[in-house]
1. Within the stretch 355-396, how many residues turn out to be more than 21 Å from ALA429 (Cβ to Cβ) and touching a residue at least 40 places away in the same chain (Cβ under 8 Å)?
2. Looking at the stretch 330-375, which of its residues are assigned to a loop (DSSP other than H, G, I, E, B) and of a type in the set (Ser, Thr, Tyr)?
3. From the set of residues in the stretch 277-299 that are under 18 Å from LEU334 (Cβ atoms) and of a type in the set (Ser, Thr, Tyr), which is most open to solvent (accessible area, probe 1.4 Å)?
4. Could you figure out which of (1) open to solvent by 80 Å² or more (accessible area, probe 1.4 Å); (2) free of Cβ contacts under 8 Å to residues at least 40 places away in the same chain; (3) in a loop (DSSP other than H, G, I, E, B) isn't true of PRO103?
5. Does MET69 satisfy the criteria of being within 30 Å of MET287 (Cα to Cα) and either surrounded by 10 or more Cβ atoms within 10 Å (Cβ to Cβ) or over 38 Å from the mean Cα position of the chain (by Cα) (or both)?
6. Just name the residue that is surrounded by the fewest Cβ atoms within 10 Å (Cβ to Cβ) out of those in the stretch 167-194 that are of a type in the set (Ser, Thr, Tyr) and without any contact (Cβ under 8 Å) to a residue 40 or more places away in the chain.
Amino acid sequence: MLPEATRYLKATVSLFSPNVFLNASKLSAHGAPSSLQTRRNLRVSRCLAARIPPQKKPREKVEIPGLDMVTYGDRMHYVPGLAKPVFPPWEMSFKDPRYYRSPPAQEMALYKDKPCYVFNQRTSILEGVRQAAWLTKTHVRPGPLPHLISLAAKPENQLPDQDERVQNAIKHSRFWDTTEPRPRKEKYSNTLLLNLLHLCGSLQLTHPAVGRRILAENYSLAATWKRGEDLFQIRGRNGLLHCSMDPLPRICGEQEVLETSDQVLESFYPVSPTIDLQQVSVYKEEMNCTGFKGEYPYPHAHTLYFLETSDPNCQLHPEQFRAKMIMFTFGNALARAHKLYGTQPQSLLERPITVQAVGTNGRIFQFLVFQLNTTDLSGDDGIKNQAWLDEDVELYDFAKVRPFIKRKEVKVPAGLAGYKPETFSKFLALFLHGAA
């Protein structure tokens with residue numbers, strides 16, 4: 001009797017799902033629950049399982065020469081057992097840019113076997129200023145130029161109530177130009193730069209040469225040069241450009257320029273100089289353009305203004321941001337040199353080309369003065385270009401809408417704190433360079 005009952009019990013258990021059946025081993029001999037709590041055995045989903053199921057291998061298409069595959073293409077509907085038809089790509093009788101398919105790179109007219117390395121406005125090179133100095137064959141000196149700083153120290157080159165007006169420009173960009181509790185950096189940095197340029201432009205009455213300039217925005221630059229056996233190009237839009245009818249005067253004399261041949265460029269071996277540069281195979285070999293037509297009345301680049309937050313999709317670190325300033329300042333000078341002296345490499349320019357640059361994030365400023373002495377950039381020897389870089393110069397310490405309180409003590413008061421007038425003096429000196 002007992003073996004037969006056991007057989008019927010097993011048959012009854014098999015009818016239940018194992019996911020919801022109670023564990024019978026937890027029951028006592030009299031049918032009462034044991035000391036252990038009765039649980040359900042619930043199955044987890046496949047996505048939470050540790051083992052990933054193997055992917056299905058695609059079926060290999062076997063093509064037998066001489067035999068035509070029987071498909072259901074003529075029947076216009078799916079038929080089990082027949083192969084799926086393969087139709088040729090449909091070609092439209094008209095050109096639709098939405099469905100344009102570019103040909104392979106090897107079939108394009110501008111395809112070259114030798115690659116070209118491109119630097120654009122979103123490039124973030126690994127070694128920063130050292131790599132930019134090697135690419136442009138430039139000797140970079142830290143610190144500002146003393147004779148430029150002395151321009152802003154003269155009373156005739158200063159604004160009336162200068163410190164008060166600069167502080168009002170800072171407060172306008174940080175407090176008065178927005179209704180948000182904390183304005184965005186890309187907004188107040190751009191507002192501050194335009195306010196400072198407006199203040200400097202008010203000196204046009206005493207400095208008529210300031211009226212021979214104009215601001216250009218969103219212009220495209222292109223310059224090509226060879227460094228060793230590699231070909232390099234710089235392209236893209238760098239920001240706000242201050243153009244002038246007259247070129248900037250040279251910084252160093254001819255004797256100081258000749259002494260640069262004894263200087264050695266800093267190496268960053270084993271890192272490749274072309275790291276983080278875009279490598280392309282479809283390009284124009286002689287691509288040099290200042291961004292303006294030949295009859296443009298302001299052909300000379302005076303100062304380039306960069307914002308760290310100009311592109312929200314590309315945030316550069318300070319070292320890479322300074323390298324971007326050097327590269328685009330060099331690109332503007334090189335494009336102008338190619339237009340004046342031709343594209344053939346010149347070991348020593350008859351008149352060096354000087355271009356300035358200012359970068360800011362709304363509080364910290366970077367100042368750069370670049371002098372292009374040569375366009376012969378193939379080797380490491382010979383005359384080199386020169387650059388003076390004054391980095392991480394603070395205009396003020398804090399600009400708080402609300403005071404910063406810690407442990408019931410005001411650490412930073414509300415408003416503008418820690419204004420440094422010498423920073424604006426450097427900004428004004430670069431603006432007045434060539435006009436004072």
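The values are calculated or read from the model by the stated rules, or taken from the named source; none is laboratory data. It should be emphasised that the depicted structure is a prediction, and the values quoted were computed from it without experimental measurement. Cβ placement follows ideal geometry from the backbone for every residue including glycine, while neighbour counts extend to all protein chains displayed. These area figures cover heavy atoms from the full protein model, side chains too; ligands, DNA and RNA do not enter into them. Shrake-Rupley method; radii C 1.70, N 1.55, O 1.52, S 1.80 Å.
1. Looking only at that region, the number is 12.
2. Matches in the stretch 330-375: THR343, SER347, THR374, THR375.
3. Top of the filtered list is TYR296.
4. All conditions pass for PRO103, except number (1).
5. no
6. THR179
Listed here are the residues, each with its yes/no results for (1) open to solvent by 80 Å² or more (accessible area, probe 1.4 Å); (2) among the β-branched types (Val, Ile, Thr); (3) outside any strand (DSSP E or B); (4) modelled with pLDDT under 95.
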{"residue": "GLY382", "(1), (2), (3), (4)": "no, no, yes, yes"}
{"residue": "ALA387", "(1), (2), (3), (4)": "no, no, no, no"}
{"residue": "ASP390", "(1), (2), (3), (4)": "no, no, no, no"}
{"residue": "VAL393", "(1), (2), (3), (4)": "no, yes, no, no"}
{"residue": "ILE405", "(1), (2), (3), (4)": "yes, yes, no, yes"}
{"residue": "VAL410", "(1), (2), (3), (4)": "yes, yes, no, yes"}
{"residue": "THR423", "(1), (2), (3), (4)": "no, yes, yes, no"}
{"residue": "PHE431", "(1), (2), (3), (4)": "no, no, yes, no"}
{"residue": "GLY434", "(1), (2), (3), (4)": "no, no, yes, yes"}
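So that you can scan it fast, the table gives a plain yes or no per residue for (1) more than 30 Å from the chain's Cα centre (by Cα); (2) more than 19 Å from LEU307 (Cα to Cα); (3) of a type in the set (A, V, I, L, M, F, W, C):
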| residue | (1), (2), (3) |
| --- | --- |
| LYS171 | no, no, no |
| ARG184 | no, no, no |
| LEU193 | no, no, yes |
| LEU197 | no, no, yes |
| SER202 | yes, yes, no |
| ALA209 | yes, yes, yes |
